[in-house]
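> Handing you this structure, nothing more for now.
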């Protein structure tokens, strides 16, 4: 089935249940169903050929994003994923390279939408989702008197459903194509991993036009309530958790660090929480432990990629907490175990499987894997050899099946002939109480080939010295892995989803 079929089935079972709480708007499943069907019918009016329309959404978090995504899915068109925090130039490149036909946008992006129309070489239809605009019709004007008739089911589960750019943290961004089939399996995996039900309340604070939107769709399809915040703000998040009895939220590590840094006296009642899901980037183990102490045994971590969706690996409280309440350190350091719908192995450069304890590339087989990179067949073939999806992440698997991600192959530092993994060094630096976040890279060095450098962002109002951090690393890792130098930056460069942009840091040096 398509994702929209799960939503429609839920709306039929529980029409009066609240689907969205968005500011002063409370929208029932029946009302959400009606709006979804009307938008889908209107989209079908726009189709003029056998080729699907490519449709993008540019907005801060808003319940209409999910309705549009469901409608695009119901009309069997293609959703182009944008991130609201990207620059105008980045949006232009995505819209142009992915052959976008229609852009739905929020009025807060009116200026950007205008610039896009001025610069984009192809024709683009623009529709403002929340008010009238001089650039094009509002959503209400565009809908007109269209009805809410349900459309015939799609016939091809392998038809393209979504195009999503990759993170671009190590190089130029590509776009990944996912089908109805891969997205359905992603939704089912999410529901199993986090025990989502009609009693769940999901706080949509991660960007809904991007990865956060997949979580919202997964929860909504199971009958959960979606509480929408326009953007991440720690006081607003804490208030929503307490006032709306939030059970689940998905945030990147940077957002979690900000929540942990909040004054303990300002923390609300967290008793409703059943799952804080961490993804999009690795989390420092000491920060994970702190989060368990603050929020309780509700911390989950998942590993996946734009190419493989997720969760591919997941780490649950029962994995890292022992019966006496202590941490299982090996499980804690890992990214988790494979989901029951995934095969994961460790492979060397020759395509041989490696035994437990040995490090190599993490490879994946699952129905969640992409159809391919959009219009890049050679690069698709490159990551699809030997019948497995090649993640380009280096890791090892223990006897219990826990997989520890050592680093990305492109991030590995070769210093004096030794292979060093930055993530191991970053985890130690993150133990220092003054460190908010850090990134370790290799910089050119006449003696070593590459020397280890740490670039560190400190918490507000704290201090640390270069020698302190070098000494900490030497005591935990030895001199070989300790940074030769440490730089302190007021803020690390990040992608729109919060990942540290190592390529930008490397370029600086």
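> With the condition being farther than 25 Å from residue 179 by Cβ, I'd like the helices (runs of 4 or more DSSP H) fully within segment 1-111 carrying at least 3 qualifying residues. Full working, then the answer.
Numbers: elements: 3-13, 29-46, 63-74, 88-97.
Correct list: 29-46, 88-97.
> Can you confirm whether residue 90 is at pLDDT below 95, within 27 Å of the chain's Cα centre (by Cα) and outside the structural domain of residue 495 (by TED's automatic domain parsing)? Talk me through it step by step, then tell me what you get.
Values: at pLDDT below 95: yes; within 27 Å of the chain's Cα centre (by Cα): yes; outside the structural domain of residue 495 (by TED's automatic domain parsing): yes.
So residue 90 fits the description; yes.
Per-residue answers, yes or no, for (1) modelled with pLDDT of 95 or more; (2) not in a helix (DSSP H, G or I):
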position: 340; (1), (2): no, yes
position: 344; (1), (2): yes, yes
position: 351; (1), (2): no, yes
position: 364; (1), (2): yes, yes
position: 378; (1), (2): no, no
position: 386; (1), (2): no, no
position: 394; (1), (2): no, yes
position: 425; (1), (2): no, no
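> Here is a follow-up. Spot the failing condition for residue 285; the list is (1) out of contact with any strand residue (DSSP E or B) (no Cβ under 7 Å at 6 or more places or on another chain); (2) within 30 Å of residue 162 (Cβ to Cβ), and only one is missed.
(2)
> Right, residue 461: free of Cβ contacts under 8 Å to residues at least 24 places away in the same chain and either loosely packed, with under 15 Cβ neighbours inside 10 Å or not assigned by TED's automatic domain parsing to the domain that holds residue 284 (or both) or not? Before you say what the answer is, go through the steps one by one.
Working: free of Cβ contacts under 8 Å to residues at least 24 places away in the same chain: yes; either loosely packed, with under 15 Cβ neighbours inside 10 Å or not assigned by TED's automatic domain parsing to the domain that holds residue 284 (or both): yes.
Here the answer is yes, as residue 461 does meet what is asked.
> When segment 293-309 is examined, which residues are found to be more than 26 Å from residue 322 (Cα to Cα) and either within 10 Å of the chain's Cα centre (by Cα) or not in a loop (DSSP other than H, G, I, E, B) (or both)?
Once the filter is applied, which keeps residues that are more than 26 Å from residue 322 (Cα to Cα) and either within 10 Å of the chain's Cα centre (by Cα) or not in a loop (DSSP other than H, G, I, E, B) (or both), segment 293-309 yields 305, 306, 309.
> Is it the case, given these coordinates, that residue 178 is touching a strand residue (DSSP E or B) at 6+ places or on another chain (Cβ under 8 Å), within 16 Å of residue 310 (Cβ to Cβ) and surrounded by fewer than 24 Cβ atoms within 10 Å (Cβ to Cβ)?
Judged against the criteria, residue 178 is not a match.
> What residue, of 360, 336, is under 22 Å from residue 185 (Cα atoms) and not assigned by TED's automatic domain parsing to the domain that holds residue 158? Give the derivation first.
Values: 360 fails: under 22 Å from residue 185 (Cα atoms).
Testing whether each residue is under 22 Å from residue 185 (Cα atoms) and not assigned by TED's automatic domain parsing to the domain that holds residue 158 leaves just 336.
> If you don't mind, another one. Which one of 437, 445 is within 29 Å of the chain's Cα centre (by Cα) and either touching a residue at least 60 places away in the same chain (Cβ under 8 Å) or not assigned by TED's automatic domain parsing to the domain that holds residue 94 (or both)? Spell out how you get there, then give the answer.
Working: 445 fails: within 29 Å of the chain's Cα centre (by Cα).
The match here is 437.
> Of these, 270, 250, 302, which one is surrounded by fewer than 20 Cβ atoms within 10 Å (Cβ to Cβ) and touching a residue at least 24 places away in the same chain (Cβ under 8 Å)? Let's see the steps before the verdict.
Values: 250 fails: surrounded by fewer than 20 Cβ atoms within 10 Å (Cβ to Cβ); 302 fails: surrounded by fewer than 20 Cβ atoms within 10 Å (Cβ to Cβ).
After ruling out the rest, the residue left standing is 270.
> While we're looking at this one, here's another question. Can you tell me which residues in segment 484-500 are over 17 Å from residue 458 (Cα atoms) and modelled with pLDDT of 80 or more?
484
> Can you tell me which residue in segment 149-167 is surrounded by the fewest Cβ atoms within 10 Å (Cβ to Cβ), limited to those that are over 24 Å from the mean Cα position of the chain (by Cα) and under 30 Å from residue 91 (Cα atoms)?
Step one: of segment 149-167, the residues over 24 Å from the mean Cα position of the chain (by Cα) are 149-156.
From what's left, under 30 Å from residue 91 (Cα atoms): 154, 156.
Details: 154: 17, 156: 10.
For segment 149-167, the residue satisfying everything is 156.
> What number of residues in segment 469-480 are loosely packed, with under 14 Cβ neighbours inside 10 Å and not in a loop (DSSP other than H, G, I, E, B)?
Here is the first cut: in segment 469-480, the residues loosely packed, with under 14 Cβ neighbours inside 10 Å are 471, 475, 478-480.
Subsequent filtering for residues that are not in a loop (DSSP other than H, G, I, E, B) retains 471, 475.
So the answer is 2.
> Is one or more of the residues making up segment 113-130 more than 26 Å from residue 206 (Cα to Cα), in a helix (DSSP H, G or I), in contact (Cβ under 8 Å) with a residue 40 or more places away in the chain and in contact with a helix residue (DSSP H, G or I) (Cβ under 6 Å, 6 or more places away or on another chain)?
Among the residues of segment 113-130, not one is more than 26 Å from residue 206 (Cα to Cα), in a helix (DSSP H, G or I), in contact (Cβ under 8 Å) with a residue 40 or more places away in the chain and in contact with a helix residue (DSSP H, G or I) (Cβ under 6 Å, 6 or more places away or on another chain), which makes the answer no.
> Does residue 49 satisfy being within 20 Å of residue 150 (Cα to Cα) and either surrounded by fewer than 23 Cβ atoms within 10 Å (Cβ to Cβ) or modelled with pLDDT under 95 (or both)?
Working: within 20 Å of residue 150 (Cα to Cα): no; either surrounded by fewer than 23 Cβ atoms within 10 Å (Cβ to Cβ) or modelled with pLDDT under 95 (or both): yes.
So residue 49 fails the test.
> Could you tell me whether residue 404 is outside any loop (DSSP other than H, G, I, E, B) and at pLDDT 80 or above? Give the derivation first.
Details: outside any loop (DSSP other than H, G, I, E, B): yes; at pLDDT 80 or above: yes.
Considered against the rule, which asks whether it is outside any loop (DSSP other than H, G, I, E, B) and at pLDDT 80 or above, residue 404 comes out as yes.
> I would also like to ask the following. Can you tell me which residue within segment 481-503, out of those that are touching a strand residue (DSSP E or B) at 6+ places or on another chain (Cβ under 9 Å) and touching a residue at least 60 places away in the same chain (Cβ under 8 Å), is surrounded by the most Cβ atoms within 10 Å (Cβ to Cβ)?
Here the residue is 500.
> Follow-up. Look through segment 442-458, keep the residues that are part of a loop (DSSP other than H, G, I, E, B) and out of contact with any strand residue (DSSP E or B) (no Cβ under 6 Å at 6 or more places or on another chain), and return whichever of them is surrounded by the fewest Cβ atoms within 10 Å (Cβ to Cβ). Steps first, please.
In the first step, residues of segment 442-458 are kept if they are part of a loop (DSSP other than H, G, I, E, B); the result is 446-448.
From the residues that got through so far, the ones that are out of contact with any strand residue (DSSP E or B) (no Cβ under 6 Å at 6 or more places or on another chain) too are 446-447.
Numbers: 446: 6, 447: 8.
So the residue we want is 446.
The values are calculated or read from the model by the stated rules, or taken from the named source; none is laboratory data. Just so we're clear, the structure is a prediction, and the values are computed from it rather than from any experiment. All Cβ positions, glycine included, derive from the backbone under ideal geometry; neighbour counts span all protein chains shown.
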